[in-house]
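S.K.: If you scroll down you'll find the structure; I have some questions about it.
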Amino acid sequence: MRVAVLTEPGEFEVVERERPTPNADEVLVRVREVGICGSDLHYYEHGHIGDSVVEDPQVLGHESAGEIAAVGSAVDSLVVGDRVAIEPGVPCRHCEFCKRGEYHLCPDVTFMGSPPIDGAFAEYVAWPADFCYRLPESVSTREGALCEPLSVGIHAARRGDVATGDSVLVTGGGPIGRCVLEAVHAAGATDVIVSEPVDRKRDLAHDRGADRVVDPGTESLTDAVDDHTDGRGVDVAIEASGARPAIESTPDAVRRGGTVVLVGNPTADSVDVDALGLVHAEVDVRGSYRYANTYPTAISLLADDRADLSELVEFDAPLGDVEAAFERARDPETVKGTIRP
């Protein structure tokens, strides 16, 4: 089978590897679509994310879906021909976090596409069957691949306890911000502000129901929120950009007793926070890391048209054009691209 390996920053090579054989509890998936994620781009540009370093030719890609080509001897939940979305993080299942249902916090997660675990920019992958979710006929394999970023949005909305009637600020209109927008609407938010510096991404957020969009490059975010909420602030602010100014401004955008959720990977190691202001306003600040128990919800939202990601992907490319696709995906104007092995 063919796979695309990152050999060094900025360079992919398509090579032949032996097709994997699924273990007893695994399925073999013929990969149909893989999203290009921001973390994939970071590995492509820098060769590492923090302490996670590409030391050998690495297959990237963790937003994936495809068709079952073979099943292991102990698998009875899926059959050949089923279309599935693949959840990329497999925990140890034995630690205290796994036993609490917080398996995304397991310190021994095997995460697809994160060194040294190979990912889905390949024609086939073998993966545990209980982390592969059957797709209904109404959900495409492209949407199946997008269940991964949508899961990030669902988990962030849950971390913010977003409820019916809430007002929400989303900072960042890229793929994660867009998925957060879909998730908070599905959770019942009725007034959503999206802050995004790229014109086209703001337009897409507005088209998907944002009640107000803000260009943080030309207007103060806190002033815009104050104006929109008559000085009250939003119930929940979800920071999905990782930009330092956005992180620092979110506590000032929420009401007294409100909640800030940080989901975007920060571009700076530290930020300035008004700690006294957080205390006096009793603002909750919460991290949101990946997701747990979200894939069935993501699939249901897509199947019931409660979430629409049809405009999220702007282009797709075959495996042989992966390097050109990554270069296109690096453009700030591009929302998202996919690879079709």
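The values are calculated or read from the model by the stated rules, or taken from the named source; none is laboratory data. Fair warning: this is a prediction, and the values are worked out from it, not measured in the lab. When we count neighbours, we look across all protein chains shown, and the Cβ atoms used for this are built from the backbone with ideal geometry, even at glycine. Just so you know, the surface numbers come from the protein's heavy atoms only, side chains and all, with ligands and any DNA or RNA stripped out. Shrake-Rupley method; radii C 1.70, N 1.55, O 1.52, S 1.80 Å.
S.K.: Need one number: nm distance between label points at ARG17 and SER300, each 7 Å from Cα along Cα→Cβ, rounded to one decimal.
M.R.: Roughly 3.5 nm, to one decimal.
S.K.: Measuring from centroid to centroid over Cα atoms, what is the spacing of the stretch 248-263 and the stretch 123-177 in Å?
M.R.: Rounded to whole Å, the Cα centres lie 23 Å apart.
S.K.: FRET efficiency for GLU45 and SER220, Cβ-Cβ distance as r, R0 = 30 Å, nearest 0.05?
M.R.: On the way: r = 31 Å, r/R0 = 1.03.
Here the calculated transfer efficiency is 0.45.
S.K.: Roughly how many percent of the accessible protein surface of the chain is carbon and sulfur, given a 1.4 Å probe and a whole-percent answer?
M.R.: Working: 6730 of 14910 Å².
In the chain, the share of accessible area belonging to carbon and sulfur is 45 percent.
S.K.: Put +1 on the Cβ of each Lys and Arg and -1 on the Cβ of each Asp and Glu in the stretch 1-56; which of LEU28, VAL3, TYR43 then has its Cα farthest toward the positive end of the dipole?
M.R.: LEU28
S.K.: In whole Hz and in residue order, list the ³J(HN,Hα) couplings for the stretch 336-341 that follow from phi through the Karplus curve 6.51 cos²θ - 1.76 cosθ + 1.60, θ = phi - 60°; x for Gly and Pro.
M.R.: Ordered by residue, 3J(HN,Hα) equals 6, x, 9, 10, 10, x Hz.
S.K.: Count neighbours as other Cβ atoms within 10 Å of each site's Cβ, and list the GluC sites (Glu not before Pro) in the stretch 104-170 that are DSSP loop with at most 11 such neighbours. Write down the numbers at each step before the final one.
M.R.: Values: sites: GLU123, GLU137, GLU143; in loops: GLU123, GLU137.
When the GluC sites (Glu not before Pro) of the stretch 104-170 are filtered for loop state and at most 11 Cβ neighbours within 10 Å, GLU137 remain.
S.K.: Now for a different question. At a threshold of 8 angstrom on Cα-Cα distance, excluding pairs fewer than six apart, so keeping six or more, what relative contact order does the chain reach in percent?
M.R.: Values: 791 pairs, mean separation 61.3, N = 341.
RCO, the chain: 18 percent.
S.K.: Show LEU262, LEU150 ordered by accessible area, largest first, where the area counts protein heavy atoms only and the probe is 1.4 Å.
M.R.: Details: LEU262 60, LEU150 0 Å².
So the residues, ranked largest to smallest area, are LEU262, LEU150.
S.K.: Have a look at PRO57, GLY160, VAL90 and report the one farthest towards the positive end of the charge dipole of the chain, computed about the Cα centre with Cβ charges (Lys/Arg +1, Asp/Glu -1).
M.R.: VAL90
S.K.: Using a basic spin-label model with each label point 7 Å from the Cα along Cα→Cβ, how many nm lie between GLU327 and ALA268?
M.R.: 3.3
S.K.: Among SER73, TYR133, ILE117, whose Cα projects farthest towards the positive end of the dipole of the chain, with charges put on the beta-carbon of Lys, Arg (+1) and Asp, Glu (-1)?
M.R.: SER73
S.K.: Here is a follow-up. Which whole-number percent is the relative contact order of the stretch 84-149 (Cα, under 8 Å, 6+ apart)? Intermediate values should be presented prior to the final figure.
M.R.: Details: 69 pairs, mean separation 27.4, N = 66.
That works out to 42 percent.
S.K.: Placing +1 at every Lys and Arg Cβ and -1 at every Asp and Glu Cβ, with all other atoms neutral, what dipole size does the stretch 29-144 have around its Cα centre, in debye to the nearest 20? Present the calculation step by step, with values, prior to reporting the outcome.
M.R.: Values: 8 positive and 19 negative charges, 67 e Å.
Computed about the Cα centre, the dipole is about 320 debye.
S.K.: About the Cα centre, and with charges only on the beta carbon of Lys, Arg (+1) and Asp, Glu (-1), how big is the dipole of the stretch 211-329? Nearest 20 debye, please.
M.R.: Values: 9 positive and 25 negative charges, 105 e Å.
I would put it at about 500 debye.
S.K.: If packing is taken as the average number of other Cβ atoms within 10 Å across a peptide's residues, how do 326-333, 11-18, 265-272 rank, most packed first?
M.R.: Working: 326-333: 14.9, 11-18: 13.4, 265-272: 11.1.
Ranked from most to least packed, the peptides come out as 326-333, 11-18, 265-272.
S.K.: Name the residue, out of GLY50, GLY113, GLY66, whose mean-square fluctuation peaks in a Gaussian network model built on the chain with Cα pairs under 10 Å.
M.R.: Evaluated over the chain, the most mobile residue of the options is GLY50.
S.K.: Using a 1.4 angstrom probe and counting only protein chains, how large is the accessible area of ASP252 in Å², to 10?
M.R.: The accessible area of ASP252 comes to roughly 100 Å².
S.K.: How long is the gain from ASP191 to HIS280 if the chain were fully straight, where each residue apart is worth 0.36 nm and the alpha carbon distance is subtracted?
M.R.: In short, 29.5 nm is gained.
S.K.: Please list, by residue number, everything in the stretch 108-136 whose backbone N is under 13 Å from a paramagnetic label point 7 Å out along Cα→Cβ of CYS95.
M.R.: Residues passing the 13 Å test: 108-111.
S.K.: To continue, here is another question. Give me the dipole magnitude in Debye, nearest 20, for the stretch 82-234 about the Cα centre, with unit charges on the beta carbon: positive for Lys and Arg, negative for Asp and Glu.
M.R.: Values: 15 positive and 26 negative charges, 93 e Å.
Roughly 440 debye for the stretch 82-234.
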